Amino acid sequence: MLHMVRGCRVPAPDALEEGFEQKERSFYANLHAEHIEQAMRAFLLRQKEELFFFLELPAAEDEEKKLREEWEKQNREGDAPLHRDVYYWDGITPDAALSLLDEHGELLIQDGMSFFGFGVRSFSAEIQKWKYNLVTLFAREPERYRDFFPGLGIPEREELTTAWDTFSPSTPGDCIAIRVGGRSVFDLAEELKPKGLYFAQRREEN
């Protein structure tokens, strides 16, 4: 059974197990909540060049209302999509990224509404935590990371079952925002803006 982060619930946690699968240049992994930070740190410790940090948050409710009204004015078919705001912090060192995890890792990992990750500035590799304990690692040269998850004791699966494979209209997943020390990921975004975090784009949620 996969140990879920506090902000996510799934209908059949017994159907999920820790493991990873490689698909071309990307590795997809189910990780226990207590192992996500370990994976992030292991990735950062491999890096020698500058990095970027990224954070994706749901668009604010009032912004979604405006976008929905605009959608309806255009008489577009179907339900209006939800949106996510994407933030970046460029040019941080591996040590600074590790310090960010020291200070805010619990909130970033345990929150159910946000995504976050780190990438190499040359875009040669990137690690990201998604909803429902899914962690992905993209590598331009995947052979360099073939030992990454095995080195953390994460077994390879012939076909990885993720939380999305267990969902149905009657048994959906559930994600919520959490607080750590009274602070949410939305508070964190505001705290990091003076240090270099900036809004990059708003996109439709997949």
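Candidates are the residues of the range 61-73 that are without any contact (Cβ under 8 Å) to a residue 12 or more places away in the chain and open to solvent by less than 100 Å² (accessible area, probe 1.4 Å); the one that is nearest to M113 (Cα to Cα) is D62. Y132 satisfies every condition listed in (1) farther than 22 Å from L51 by Cβ; (2) assigned to a helix (DSSP H, G or I); (3) open to solvent by 50 Å² or more (accessible area, probe 1.4 Å) except (3). Against the numbered list (1) open to solvent by less than 50 Å² (accessible area, probe 1.4 Å); (2) in a loop (DSSP other than H, G, I, E, B), G117 comes up short only at (2).
Residues of the range 163-184 that are assigned to a loop (DSSP other than H, G, I, E, B), hydrophobic (A, V, I, L, M, F, W, C) and open to solvent by 50 Å² or more (accessible area, probe 1.4 Å): F167, I176, A177. Pairing residues of the range 85-96 that are under 14 Å from F54 (Cα atoms) and touching a residue at least 40 places away in the same chain (Cβ under 8 Å) with residues that are outside any helix (DSSP H, G or I) and among the hydroxyl-bearing types (S, T, Y), at Cβ distances under 9 Å and at least 6 apart in sequence or on separate chains, gives Y87/Y198; Y88/Y198; W89/Y198; D90/Y198. The one condition from (1) open to solvent by less than 60 Å² (accessible area, probe 1.4 Å); (2) free of Cβ contacts under 8 Å to residues at least 40 places away in the same chain that E37 does not meet is (2). Listed by first and then second residue, the pairs linking a residue in the range 184-206 that is among the small types (G, A, S) to a residue that is assigned to a helix (DSSP H, G or I) and surrounded by 13 or more Cβ atoms within 10 Å (Cβ to Cβ), with Cβ atoms under 8 Å apart and 6 or more places separating them unless they lie on different chains, are S184/L107.
The values are calculated or read from the model by the stated rules, or taken from the named source; none is laboratory data. Here the structure is a predicted model, which means the values were calculated and not measured. Don't worry about glycine lacking a Cβ; one is built from the backbone with ideal geometry, like all the others, and counts go over all protein chains shown. Ligands, DNA and RNA are excluded from the accessible area calculation, which covers all protein heavy atoms including side chains. Shrake-Rupley method; radii C 1.70, N 1.55, O 1.52, S 1.80 Å.
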